[in-house]
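Would you mind keeping the following structure in view while I ask a few things?
The values are calculated or read from the model by the stated rules, or taken from the named source; none is laboratory data. Computed from a predicted structure; not experimentally measured. All Cβ positions, glycine included, derive from the backbone under ideal geometry; neighbour counts span all protein chains shown.
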Amino acid sequence: MQTLPRRSLLMLASSLILVGSVFGLRISSPARADVGVRPILPGGSSLKPDEETPIQMAAETIVMNVRPATEADNAAVELNPEAYGLQFQPVWFSAIAEVEADFTMQNPTSDPVSLTAWFPLASALENVGWELNPDEIVPRLESFQVAVDGTPLDYTVSELPNPKGQDKPPLPWASFPVAFPAGRETNIHVRYVLPLHQAVKGSELALYYIFQTGAGWAGPIGQAELIVNLPYPASAETLAGMPSGSFNLPYFISNSQAGLPPGAVLEGDQARWTWVDLEPGPKDDFSIWLMDPGKYQELETARTAAQANPQDGQAWLNLASIYRSLATMGHSIPSIFSASYLEPGLAAYRKAAGLLPEHPTPHAGLALLTLAPYMRAKDAPPEVIQSVQDELKTARDLEAKNPSLAEEAGHPSWMVEDMLNIYSLNDATATAEAAFWAAEQATQTAAVAGPQTSVPGTALAQAPTRTATPTPSKTTQPKPAPSQTLAPPTTMLQQTLLQTGFGLTYCIILAGGIVFLVIVGYLALRRRPRR
């Protein structure tokens, strides 16, 4: 029997190892939560009556205490961490909100009224992308507590039909009976813990509260007050509004900044809003962006270090890097906090460049931040492009002179080259990378949008009825069929890439390895001696 030459065998074996390594690294590793499918986390909501009633909601006061999450907070919702690549992370969510809400209910009639009140334990928004979590239970609150006039009550959990169709998993609701004495006020107090959603391609956290569930009570809500206590000062540096249309579950995309909801009062570490005679509808639901508490702590530590040692170039470089991470998101697109952190970032890079004249990173960072404001519209003036190219050249030259610094550089010159390549793309010269980025954004927005109301992301589940059959809250939900009401999905390849964390670079490596293997095998067979 003829055998392949030793050299061909070595080449073939090397190719197999290369391809096997790529497959092993990408397929065996769990999907990362920041690029793959995310859990559809519940939000805050108002109470809902189960029927038409004369009972009025005289006042509603919601206090949300935001803090960094701990490992114990992983139990805030029932979740399958393997579905999201969280099983190897000790803390699944970067921050949580401890919520306490008081509802002052008024019975204006001369007769006592008894009814069942309901509270959603899972997100019931219309534009939830349920098809993105087909094998997962619906993540639900596990820390809900309720008391009436100071007396704790037990509650029943019922799985009710999903408003997006019978092929979607049922949604859990907590229900409890309440007796309202004639002509008197009754206080209903609820407590629960909410993990906060992280933005796609950013570190911002989304906090929302659904007022429209309270629309079933008689008349308007006399006064509604929402108080958010933060682990840092409440200001434009830490809070931002959420533009209409970006409120999508489980994908929040912080592409642009909107003003905070009207009436915001910012004092110290607190932000609060008050509404009078509120008749809650979809447009009244509340949502804001918060800075990640861990990110704020990093920023404060870096600021303190730079202020304490103003001649320490590395301290300024570290601070500049944090400013850049806050001012930009994926592909150097400006973040919602860009207005607060872009200019300080540029100043910190310039300071670092002066103190570290041989270091390439400050110049690469200057190039990245200088071009960032123009990455969406692609309208940078010629002098800006020239400045970016000059900083890139300086970074390249310093990397060549100082290889050790280049190895540890946080922003190497190739990142600037990639950004310039992305910037230069247009409709006529779009490449596979640009197409993939567009498909990724489309998948994370349109694919989860579903049918929209006048204000996207605000339609609630159908009203609960007395005929709902209670089932245990731990019951695993059936796997839903593919949605028939959502926007057409992207290709199977794009969906696989998004859910497994495949990036374009890895796809190119994989494809190149396979092509190389085929070529080597072909050449080896060509050189095989004939009988």
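Consider segment 164-197. How many of its residues are in contact with a strand residue (DSSP E or B) (Cβ under 8 Å, 6 or more places away or on another chain) and either closer than 30 Å to Pro68 by Cβ or crowded, with 17+ Cβ neighbours inside 10 Å (or both)?
21
Could I ask something else about it? Which one is nearest to Gln198 (Cα to Cα) among residues in segment 97-112 that are surrounded by fewer than 17 Cβ atoms within 10 Å (Cβ to Cβ) and of a type outside the set (Gly, Ala, Ser)?
My answer is Glu100.
Which one of the conditions (1) touching a helix residue (DSSP H, G or I) at 6+ places or on another chain (Cβ under 9 Å); (2) in the same structural domain as Ala224 (by TED's automatic domain parsing) does Ala353 fail to meet, given that it meets all the rest?
For Ala353, the exception is condition (2).
Scanning for something farther than 22 Å from Ile40 by Cα and either part of a strand (DSSP E or B) or of a type in the set (A, V, I, L, M) (or both), does segment 120-135 turn up at least one residue?
no
For the structure I just gave you, tell me whether Pro231 is buried (at least 17 other Cβ atoms within 10 Å of the Cβ) and modelled with pLDDT of 90 or more.
Here the answer is yes, as Pro231 does meet what is asked.
Of all residues in segment 115-130, which are under 12 Å from Leu249 (Cα atoms) and either at pLDDT 95 or above or hydroxyl-bearing (Ser, Thr, Tyr) (or both)?
Narrowing segment 115-130 to residues under 12 Å from Leu249 (Cα atoms): 122-130.
Hit for segment 115-130 is Ser123, nothing else.
In the set Phe176, Phe180, which member is assigned by TED's automatic domain parsing to the domain that holds Pro112 and over 15 Å from Leu121 (Cα atoms)?
Values: Phe176 fails: over 15 Å from Leu121 (Cα atoms).
The match here is Phe180.
I would also like to ask the following. With the requirement that a residue be under 15 Å from the mean Cα position of the chain (by Cα) and either over 17 Å from Gln198 (Cα atoms) or part of a loop (DSSP other than H, G, I, E, B) (or both), what does segment 243-256 give you?
Within segment 243-256, Pro243, Gly245, Ser246, Phe247, Asn248, Pro250, Tyr251, Ser254, Asn255, Ser256 meet the criteria.
Have a look at Pro382, Pro334 and point out the one that is in the same structural domain as Leu420 (by TED's automatic domain parsing) and over 25 Å from the mean Cα position of the chain (by Cα).
Being in the same structural domain as Leu420 (by TED's automatic domain parsing) and over 25 Å from the mean Cα position of the chain (by Cα) holds for just one of Pro382, Pro334, which is Pro382.
Could you please give the count of residues in segment 265-278 that are closer than 27 Å to Trp217 by Cα and either free of Cβ contacts under 8 Å to residues at least 12 places away in the same chain or aromatic (Phe, Trp, Tyr) (or both)?
2
Given (1) at pLDDT below 95; (2) more than 33 Å from the chain's Cα centre (by Cα), where does Glu407 come up short, assuming only one miss?
Of everything listed in (1) at pLDDT below 95; (2) more than 33 Å from the chain's Cα centre (by Cα), Glu407 misses just condition (2).
Separate question: Do any residues in segment 83-99 that are without any contact (Cβ under 8 Å) to a residue 60 or more places away in the chain have Cβ atoms under 7 Å from those of residues that are basic (Lys, Arg), where the two are at least six apart or on different chains, and which pairs are they?
From residues that are without any contact (Cβ under 8 Å) to a residue 60 or more places away in the chain, the pairs are Tyr84/Arg38.
Separate question: Suppose the filter is surrounded by fewer than 20 Cβ atoms within 10 Å (Cβ to Cβ) and either at pLDDT 85 or above or within 33 Å of the chain's Cα centre (by Cα) (or both); does Thr70 pass it?
yes
Which members of segment 267-297 meet the condition of being surrounded by fewer than 18 Cβ atoms within 10 Å (Cβ to Cβ) and either part of a loop (DSSP other than H, G, I, E, B) or under 21 Å from the mean Cα position of the chain (by Cα) (or both)?
Listed by number, the residues that qualify are Gly268, Asp269, Glu279, Gly281, Gly294, Gln297.
Quick check: is even one residue across segment 31-40 touching a Leu at 6+ places or on another chain (Cβ under 7 Å), outside any strand (DSSP E or B), modelled with pLDDT of 95 or more and surrounded by 15 or more Cβ atoms within 10 Å (Cβ to Cβ)?
No.
Sticking with this structure for a sec: Report yes if Asn426 is at negative phi, more than 25 Å from the chain's Cα centre (by Cα), at pLDDT 55 or above and not in a helix (DSSP H, G or I), otherwise no.
yes
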